[in-house]
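Below: the structure, in structure tokens.
The values are calculated or read from the model by the stated rules, or taken from the named source; none is laboratory data. Predicted model, so just to flag it, every value in this text is computed and none were measured. With ideal geometry, Cβ positions are generated from the backbone for all residues, glycine too; neighbour counts draw on all protein chains shown. To get the accessible areas, we keep the full protein, side chains included, count just its heavy atoms, and leave off ligands, DNA and RNA. Shrake-Rupley method; radii C 1.70, N 1.55, O 1.52, S 1.80 Å.
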Protein chains: 2
Amino acid sequence: MSKHQKEMALLKEHLGKHQLKYTRQRELILDAFLKQEHITAEELYHQLARKDPHLGLATIYRTLNLFCEAGLAQARHFGTQTQYDNVSHKGHHDHLICTECGKIVEFENCDIERLQEEVAARNGFVIKTHRLELYGLCSRCQH
Amino acid sequence: MSKHQKEMALLKEHLGKHQLKYTRQRELILDAFLKQEHITAEELYHQLARKDPHLGLATIYRTLNLFCEAGLAQARHFGTQTQYDNVSHKGHHDHLICTECGKIVEFENCDIERLQEEVAARNGFVIKTHRLELYGLCSRCQH
DNA sequence: ACGCTAATTGAAATGGGTTATCAATTTCAA
DNA sequence: TTGAAATTGATAACCCATTTCAATTAGCGT
């Protein structure tokens, strides 16, 4: 019995509406996907290789894109790869990055998020996710 | 005589520091690049094809990456392509991005920037630049 | 101005991530 | 259970970007 009842129901609802089918692979991928905050197709592929060595990479990509259409995931392009964010996992954090030593500090700021919503509303947008990165020098690298 | 004295000086400073050379191609690409807010390598390639049909795409990519290292440009991955933002054009410009149709709205918000400074200070950082992207649906794509 | 060395270039090959193709398999409604 | 339609896995194709490499060019010292 799965621990992800709500998400599985959402997926099945989407499948039903679009004449799509509920398969063993989609269940496997959903369970693995929901355990993380965000993941790439390749990472998921390697994780699942132990459970089912015959599960193809193409199926992972197809299924992750399906999750995006169903509203369970959101694609985010980062570097050369695509990160698939787990929408049900709300703990979003932004990053402070030191351009000198590479140190990364995670933070969360409600006030910033509220202002983001205001900016979006002013432009008729509805925000699904965001990305905020502050680049600079950490205390040790300011010499 | 170029209209982009400041940026050209910045580039030459970077070149000097790294034993790189100032070439006709780099000057051509810089002039064209600075005329836009953001552009892809392919677009720049086609724009410049008229001025110099022999200018290779690889050179465009190499030069845009050079601009990023020199602080004149900033790479931003959207969809399958990379957008190169003109940093000098508007200091910091942030983006509202529609994940459905790709529409991009640029904005600036002093309050957000101030809060960013506060977060940075609290963590001992001095910010040099930042990147803020809000992903969602524009008014037309919300149904 | 000349020559030398190292950086740069253009063209093409290569690379990495993602999507399309297609025959075989599986789902699910009738 | 049966059959039409969707899905799968393997692989080829794609696209954007980077690397390779021989030929060219910049820029220093002379």
State all residues of the stretch A:32-49 that are over 14 Å from the mean Cα position of the chain (by Cα) and within 14 Å of DNA strand D (Cβ to nearest atom); if no residue qualifies, say none. A:45, A:46, A:48, A:49
Which residue out of B:77, B:143 is within 12 Å of another protein chain (Cβ to nearest Cβ), free of Cβ contacts under 8 Å to residues at least 12 places away in the same chain and over 25 Å from residue A:106 (Cα atoms)? B:143
Yes/no for residue B:39 being among the β-branched types (Val, Ile, Thr) and under 30 Å from residue A:111 (Cα atoms): no
Picked from the stretch A:60-82 (must be among the aromatic types (Phe, Trp, Tyr) and within 13 Å of the chain's Cα centre (by Cα)), the residue most open to solvent (accessible area, probe 1.4 Å) is A:78
Between residues in the stretch A:19-47 that are assigned by TED's automatic domain parsing to the domain that holds residue A:81 and residues that are of a type in the set (Asp, Glu), which pairs lie under 8 Å by C-beta distance while being six or more apart or on different chains? A:25/A:52; A:28/A:52; A:30/A:7; A:34/A:7; A:37/A:85; A:38/A:85
Being of a type in the set (Val, Ile, Thr), within 28 Å of residue A:15 (Cβ to Cβ) and within 10 Å of chain B (Cβ to nearest Cβ) is true for just one of A:119, A:105, A:126. Which residue is that? A:126
Before we move on, is residue B:128 open to solvent by 70 Å² or more (accessible area, probe 1.4 Å), within 25 Å of residue A:97 (Cα to Cα), basic (Lys, Arg) and over 13 Å from the mean Cα position of the chain (by Cα)? yes
Could you list, in sequence order, all residues of the stretch B:36-78 that are charged (D, E, K, R) and closer than 29 Å to residue A:136 by Cβ? B:37, B:62, B:69, B:76
